[in-house]
Each structure stands twice: as structure tokens, then as C-alpha cells.
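Report on the following structure.
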Amino acid sequence: MAVEQTRRHIRGFLSLDLCKELEFIHRTCGVVGYRPNVLSTTLSHLAATNCAHLILPFVAVREKLKEVVEDFFGCEFELFIEFTGLISWCRGASIGWHSDDNRPYLKQRDFAAVCYLNSHGKDFEGGVFRFKDGDPSSVIPISGDVLIYTADDRNVHSVDEVLEGERLTLTVWFTRNSAHDEDAKLISLLSQRFSDHEKGKSYSFSPLPASDNMYWFSNGISGFDIRCARIQNLGFRICSSKHQEFSTSDMEADPLELLNMPIRLARGDEIFDMEFLNSLHGLQVVQFFHLKLSDLIASREKQDGDTETTEPHLLDKVNGLELVLPCDHQLAEKVLGSMSCDNEALSFSWVAFKLAVTRWEEYMFSLYKELLMLIPHWVFHQIIFLAPTTEQLSCNQFSGFEEPSQNKLQK
């Protein structure tokens, strides 16, 4: 008699480029999570903070995961995606034995998929995934691997305490209950975006912060703002806008409110002569620069060889312009780790950073254009999916869009 399979470990499921892209999204949009020392980024949070275009990198992997789970567990066309989120476990985070449906409000969960976006031993220590019984008994996280399993008591599991660094996953839960379909909720949020576009309203793809408390990490004694910490951990400093003047009462009332206003970025004693809409805008560019550093250096060297490079404008010294924010830098580095490295410091140039600003804008605009083409199809079919090609999208009107085959979109 065949033994029923309740879990599967798949190696190399995600490309390393996609892992890095999802890591970028989390490090620029993540907020305080549902457990101590855990940070999370949900798709609904992206939509609510003017970052709906950043949902697009998730679409193909959600489809692929759903196909794999349905195929392995023999439930083709039965499942809906219940939740999609980027979750990072920082130093000190752990969870004891449990199943993923162990609360009354979680009983709708049937299956889980955990995609590892960085690697044990390289990016963090600890954080090993363990099953209470059966094989595999433990899974050491490796970037690109995925673990799928039933969400019931056949897969009681735990996660060891993270000892160093930040353990990052893409986690997706699946349900047979259509009342918990995540797609329907997201499409409702996104349809308003398309409606605004149809009415000719202007749109900026710069992020808009959520409430400040969502970014505040506390250990009960001191704390730090996640946005501020991630910028500073990469060697940058946050300065006031050259057009902004703050009174002492403004600073004392709620200094974190300054992170929601225009800022400038500095490194060392030099200030980059560009205003960012808010700290999240600056953080996205800083993280994009960090992610694409080697490509930007190569592009800069090519430009230097082809034409005369335009140096960016740098302003006066930082003294007196740096924002004084309530941030425990030692705690931030202990919890999040320090991502700035010696090689990056040696190879840094404002020319490359200026190029990162342009590349970031191009990347965001391309995602935004694609999102606008996809939304009407998502609304019509009430499912989030990737259309075959951009060319087909641009030439199809939503009223005449060909009905998809049952094999492709049936739920």
C-alpha cells in the first residue's frame, strides 16, 4: 500500500535573480510582523502604500507554486491562494512546534509553500526548519529551494532560533475555501487603481508610508525605525530637504514624522543634490543601488569610455542637516545585521548612485505600465495571472479578451 505523501522539498525551484528581486521588495517595503523579531511584506500592504506595481514579480511564482502543490497533492483546480507574503526572521526569532492550521481563524489553510530567498550559513545562522516526525526531518534553508507540505497536524514543525542575520522567505498558503481567496481581495483593491487611471488622474510610483508604528521595531527597552535602520546599515545618512525647515516643537512632537516628508541622502560629508519624496522613496533607491551595484559599476565604466560622464551635484557639508531620529543603531545592526561591506565602500561613487536613480525609475515605470495592462483582465476573470505576452495584452480590449482555457485558469 502506497504511503501518502504529505511534504516535498524541491531544490532550485526559484532563480537566484528572482530571489534577489523579492529580497529587494521586502527590504524596501517590509513592516513589523506578527511575531517578535519578525518582519513581513504582504501584497495588500504593497497595494495600500502605492507599490501595487511591485506585486508583479510575485505573479508567475504564485501560479507555478499552485500548479506544483495541486499536482503533488492530487487536487488539480481545487485550490485558491489564501495568503502570499515575504517574511523575514531576524536575530532572536523562533517558533515552537505547531501546525499551520492550529488556530480557529486558520482552519481554512490546507497546504503551505515556503520558498527560501537566502541561505543558511551565508546570509544567516540558525533558523533551521524541523518536522516533529517523518522525512525529511529537517530542512536547511538554501536560496531558491521550496518546501511544500499539508497545513494540518501531519506536519507539525518548528523553526530554530535565528542566531545571526535575517532569514528571508516567500510563504504562500493555499485553501479549498473560495471565501478566503486572496486574489478576489487584491483585485478589489487594484480595480480602484485602474479606475483612477481611466479617469485621467496622475499617478506617481513613489511609495507612500504606512503609519509610523508599523515601522517601529522595539525590544521593550529601546527600538529603531526599520526605514531609517536599513538606509543607515548601507552606509547612508538621512538629511532634511533644502526647502524644509523644522522647528524644535516639530522635532519633539514626533520626530519620526520627518521620515514621511521630503529628505536628502548623504554619505560621509557629502549630500546628494536630489530630494526624495519621503524615506521609503530614498530607501528603495538605496536598496536598488546595493542590489545592482556590480551592474551599475560596469555601466559607469562603459560610459566613462564612451562619453564624458556628468558628475552629480553634491551639496554642502552634512553638519546641522542630518535628521536627529530616535534610532538605536546598535540594536538595529544586531537585529538586521550590517549589509554594507568593504568592497562596496571602496567602489562607491555618486555617479553610479545617480545612475541607480535613473534605473530605479525605469524599472518602476515598466512595472507600472504592465500592471495597468493586466488589471482589466484580472478584474474580468477574477484571478491574478500573467497574460501570454505584452503584445497580446496591448492589442486586446478587455471586452473582447479571449476566454482562457479551463486547463489554464480554472480554479
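In region 99-121, which residues are in contact with a strand residue (DSSP E or B) (Cβ under 8 Å, 6 or more places away or on another chain) and open to solvent by 30 Å² or more (accessible area, probe 1.4 Å)?
109, 110, 120
Are any of the residues in region 137-155 acidic (Asp, Glu) and at pLDDT below 95?
The answer is no, given that none of the residues of region 137-155 is acidic (Asp, Glu) and at pLDDT below 95.
If the Cβ limit is 9 Å and pairs must be 6+ apart or interchain, which residue in region 219-237 that is buried (at least 23 other Cβ atoms within 10 Å of the Cβ) pairs with which residue that is in a helix (DSSP H, G or I) and basic (Lys, Arg)?
From region 219-237, the pairs are 230/27.
Scan 60, 93 and give me the residue that is closer than 20 Å to residue 143 by Cα and open to solvent by less than 10 Å² (accessible area, probe 1.4 Å).
93
Mind checking which residues of region 352-411 are of a type in the set (Ser, Thr, Tyr) and modelled with pLDDT of 90 or more?
358, 363, 366, 368
When you scan region 187-204, do you find a residue that is assigned by the TED database to the domain that holds residue 62, surrounded by 13 or more Cβ atoms within 10 Å (Cβ to Cβ) and at pLDDT 95 or above, even just one?
Yes.
Among the residues of region 363-385, which ones are assigned to a helix (DSSP H, G or I), under 21 Å from residue 22 (Cα atoms) and of a type in the set (Phe, Trp, Tyr)?
363, 365, 368 - these are the residues of region 363-385 that are assigned to a helix (DSSP H, G or I), under 21 Å from residue 22 (Cα atoms) and of a type in the set (Phe, Trp, Tyr).
Residue 148 passes all but one of (1) part of a helix (DSSP H, G or I); (2) more than 20 Å from the chain's Cα centre (by Cα); (3) not small (Gly, Ala, Ser); which number fails?
Residue 148 satisfies all of (1) part of a helix (DSSP H, G or I); (2) more than 20 Å from the chain's Cα centre (by Cα); (3) not small (Gly, Ala, Ser) except (1).
Tell me the residue from 109, 103 that is touching a residue at least 24 places away in the same chain (Cβ under 8 Å), of a type in the set (D, E, K, R), in the same structural domain as residue 179 (by the TED database) and out of contact with any Pro (no Cβ under 9 Å at 6 or more places or on another chain), please.
109
The values are calculated or read from the model by the stated rules, or taken from the named source; none is laboratory data. Note that the coordinates shown come from a computational prediction; the quantities given were computed from them, not determined experimentally. All Cβ positions, even for glycine, are placed from backbone atoms using ideal geometry, and neighbour counts span all protein chains on display. For accessibility, only protein heavy atoms count, side chains too; no ligands or nucleic acids. Shrake-Rupley method; radii C 1.70, N 1.55, O 1.52, S 1.80 Å.
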